[in-house]
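One structure below.
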Amino acid sequence: MDFGLAINAARRAKGRTQQKLAEATGMRQANISAIEHAGVTPTLARVQRPAKALDIRVVIVVDVVDGRDVIEYTMTPYSSAA
(Lines give C-alpha, C1' and ligand atoms only; values in the text may rest on other atoms or scores of the structure.)
Protein backbone atom coordinates (compact mmCIF):
# COMPACT_ATOMS: atom_id res chain seq x y z
CA MET A 1 0.00 0.00 0.00
CA ASP A 2 1.13 3.53 -0.67
CA PHE A 3 2.47 5.05 2.55
CA GLY A 4 0.56 8.31 2.16
CA LEU A 5 -2.76 6.55 1.62
CA ALA A 6 -2.13 4.31 4.61
CA ILE A 7 -1.31 7.27 6.88
CA ASN A 8 -4.41 9.06 5.65
CA ALA A 9 -6.58 6.02 6.41
CA ALA A 10 -5.02 5.49 9.86
CA ARG A 11 -5.39 9.17 10.73
CA ARG A 12 -9.05 9.23 9.68
CA ALA A 13 -9.76 5.96 11.52
CA LYS A 14 -8.49 7.58 14.71
CA GLY A 15 -10.58 10.69 14.08
CA ARG A 16 -7.60 13.03 13.79
CA THR A 17 -7.21 16.01 11.50
CA GLN A 18 -3.98 16.67 9.66
CA GLN A 19 -3.39 19.56 12.05
CA LYS A 20 -3.78 17.34 15.14
CA LEU A 21 -1.43 14.75 13.66
CA ALA A 22 1.06 17.50 12.82
CA GLU A 23 0.96 18.73 16.42
CA ALA A 24 1.48 15.18 17.73
CA THR A 25 4.50 14.65 15.47
CA GLY A 26 6.12 18.08 15.72
CA MET A 27 5.67 18.46 11.97
CA ARG A 28 3.78 21.10 10.01
CA GLN A 29 0.32 20.37 8.63
CA ALA A 30 1.73 21.00 5.14
CA ASN A 31 4.20 18.13 5.71
CA ILE A 32 1.39 15.76 6.70
CA SER A 33 -0.57 16.81 3.60
CA ALA A 34 2.48 16.24 1.40
CA ILE A 35 2.98 12.77 2.88
CA GLU A 36 -0.67 11.85 2.35
CA HIS A 37 -1.12 13.29 -1.14
CA ALA A 38 2.22 13.69 -2.88
CA GLY A 39 2.94 10.02 -3.51
CA VAL A 40 6.62 10.60 -2.77
CA THR A 41 8.94 8.21 -0.97
CA PRO A 42 9.27 9.66 2.53
CA THR A 43 12.43 9.71 4.61
CA LEU A 44 12.65 7.29 7.51
CA ALA A 45 11.90 10.13 9.96
CA ARG A 46 8.78 11.01 7.99
CA VAL A 47 7.68 7.39 8.21
CA GLN A 48 8.49 7.01 11.89
CA ARG A 49 6.94 10.17 13.33
CA PRO A 50 3.37 9.79 12.02
CA ALA A 51 3.44 6.03 12.63
CA LYS A 52 4.46 6.56 16.25
CA ALA A 53 1.81 9.25 16.76
CA LEU A 54 -0.86 6.96 15.27
CA ASP A 55 0.40 3.95 17.27
CA ILE A 56 1.01 1.80 14.21
CA ARG A 57 3.85 -0.52 13.27
CA VAL A 58 5.41 -0.02 9.83
CA VAL A 59 7.33 -2.73 7.99
CA ILE A 60 9.26 -1.50 4.96
CA VAL A 61 10.36 -3.91 2.24
CA VAL A 62 12.84 -2.66 -0.34
CA ASP A 63 13.24 -4.83 -3.42
CA VAL A 64 14.19 -4.72 -7.08
CA VAL A 65 11.63 -6.09 -9.51
CA ASP A 66 12.37 -6.18 -13.22
CA GLY A 67 15.23 -3.74 -12.68
CA ARG A 68 13.06 -1.21 -10.83
CA ASP A 69 13.29 -0.25 -7.17
CA VAL A 70 10.13 -1.20 -5.30
CA ILE A 71 9.31 -0.02 -1.78
CA GLU A 72 6.35 -1.56 0.02
CA TYR A 73 4.89 -0.47 3.35
CA THR A 74 2.82 -2.71 5.59
CA MET A 75 1.15 -1.18 8.64
CA THR A 76 -0.58 -2.77 11.60
CA PRO A 77 -1.78 -1.39 14.92
CA TYR A 78 0.68 -2.09 17.74
CA SER A 79 -2.05 -3.93 19.64
CA SER A 80 -2.11 -6.63 16.94
CA ALA A 81 1.59 -6.47 15.98
CA ALA A 82 3.55 -9.56 16.86
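The values are calculated or read from the model by the stated rules, or taken from the named source; none is laboratory data. Here the structure is a predicted model, which means the values were calculated and not measured. Counting neighbours? That spans all protein chains shown, and the Cβs are built from the backbone with ideal geometry, glycine included.
Restricting the first member to region 64-76 and to residues that are under 21 Å from V47 (Cα atoms), and the second to residues that are part of a strand (DSSP E or B) and of a type outside the set (V, I, T), the beta-carbon pairs closer than 7 Å and six or more apart or on different chains are V70/D63; M75/R57; T76/R57.
Quick check on region 4-15. Is at least one of its residues more than 14 Å from T74 (Cα to Cα) and either in contact with a Ser or Thr (Cβ under 7 Å, 6 or more places away or on another chain) or of a type in the set (V, I, T) (or both)? The answer is no; no qualifying residue exists.
Among residues of region 25-51 that are of a type in the set (K, R), those with a beta-carbon under 9 Å from a residue that is assigned to a loop (DSSP other than H, G, I, E, B) at least six positions away or on a different chain give the pairs R46/M27; R49/G26; R49/M27. Could you list all residues from region 27-64 that are more than 12 Å from A6 (Cβ to Cβ), modelled with pLDDT under 90 and hydrophobic (A, V, I, L, M, F, W, C)? Answer for region 27-64, where residues must be more than 12 Å from A6 (Cβ to Cβ), modelled with pLDDT under 90 and hydrophobic (A, V, I, L, M, F, W, C): A38, V40, L44, A45, V61, V62. Every condition in (1) touching a helix residue (DSSP H, G or I) at 6+ places or on another chain (Cβ under 7 Å); (2) outside any helix (DSSP H, G or I) is met by I35 except one, and the failing one is (2). Residues in region 1-24 that are more than 12 Å from the chain's Cα centre (by Cα) and either not charged (D, E, K, R) or not in a helix (DSSP H, G or I) (or both): A13, K14, G15, R16, T17, Q18, Q19, A22, A24. Total residues in region 30-71 satisfying the condition of being exposed (fewer than 13 other Cβ atoms within 10 Å of the Cβ) and closer than 16 Å to A9 by Cα: the figure is 4. Quick check: anything in region 12-22 loosely packed, with under 13 Cβ neighbours inside 10 Å and either touching a Leu at 6+ places or on another chain (Cβ under 9 Å) or under 27 Å from D69 (Cα atoms) (or both)? Yes.
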